[in-house]
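Values quoted throughout were computed directly from the atomic coordinates according to the rules given, and no laboratory measurement underlies them. On a predicted model such as this, the values are computed, not experimentally measured, just so you know. Here the Cβ positions follow ideal geometry from the backbone for every residue, glycine too, while neighbour counts run over all protein chains shown.
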Amino acid sequence: MKIHIVMRDRSIYFQRVCPPMNLAHKFAVLTGGLLLSTGGTHAAATRISYMDAFATARGNAFTATADNPSAVFYNGAGLTQLAGSQIHGSIYTMSLGYEADTTFGSDAIDGASQAVPSLFLSHRLKDSPLALGFGVYCPFALGANWGKDAAFTAAFPSPFAAVPYEAKLEYIKYHAVVAWQLTKTLSVAGGLSFDKSHTNLKANALDFEGDDQMVGYTVSLH
């Protein structure tokens, strides 16, 4: 069983989610992070970077192009290429199919489909070098459910009862961008974002939930 963790991507998930935790809670959070890491790509755990079908087909080599409203995500400065008002939306459906062979036995993850939506708006001001953009999307998401009877967990009072069998992350970002065309070939952009997340870890001995919010910013050049 291979476990992949990107700690930088996960640092926000469990910030300020609860009062000081006892040992069982800390163990559950750590193990839950490992479970979540099996629910996404090997390179970036549960990071979701599929915001545009064309960009995805190019392996997300879209930063230098950024010629539709999803530029809010890829490169906000690209918004100055767009005329008038435009809207861009997508829904990706993902199904995970992981299996694990451990010293405790064999398990398989629940392969139910999970939808990841995104919506982007753009508007180029008339007779102005300015363009505006707004996006609502999920840069991180998905969950992993191995079932409460998974071999690596156990019923209370076994110490393995604190090992989560399910980990779920719901994460949404609201992102506003202003782009300014300086010359015919050069644009700059700045943006503000508000991120909101909710995580849920389930084990036979506990049910852990946490929420967090943060404000961020972006700067880009095109």
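Name the aspartates and glutamates eligible as straight-distance cross-link partners of Lys148: C-alpha to C-alpha under 16 Å, and not fewer than 8 places from it in the same chain.
Within the straight-line limit of under 16 Å, Lys148 reaches these aspartates and glutamates: Glu99, Asp107, Asp110, Glu166, Asp207.
Can you tell me the relative contact order of the stretch 55-173? Whole percent, Cα pairs under 8 Å, sequence separation 6 or more.
21
Roughly how compact is the stretch 92-185, stated as its Cα Rg over 2.2 N^0.38 Å to two decimals?
Scaled against compact globular proteins, the figure is 1.80.
Taking amide H positions as placed 1.01 Å from N in the peptide plane, with prolines and chain starts having none, which residues 5 or more places from Arg47, or on another chain, fall under 5 Å of its amide H?
Sorted by chain and number, the residues that satisfy this are Thr41.
Under 18 Å between alpha carbons, and skipping anything fewer than 8 positions from Lys196 in its own chain: which aspartates and glutamates qualify?
Filter leaves Asp9, Glu170, Glu209, Asp211, Asp212.
Where does each of Ile109, Ile172 land when they are ranked from fewest to most other beta-carbon atoms within 10 angstrom?
Ile172, Ile109
How much length, in nm to one decimal, is gained on full extension between Tyr98 and Asp67, taken as 0.36 nm per residue of separation minus their Cα-Cα distance?
Once the chain is fully extended between Tyr98 and Asp67, it gains 7.6 nm.
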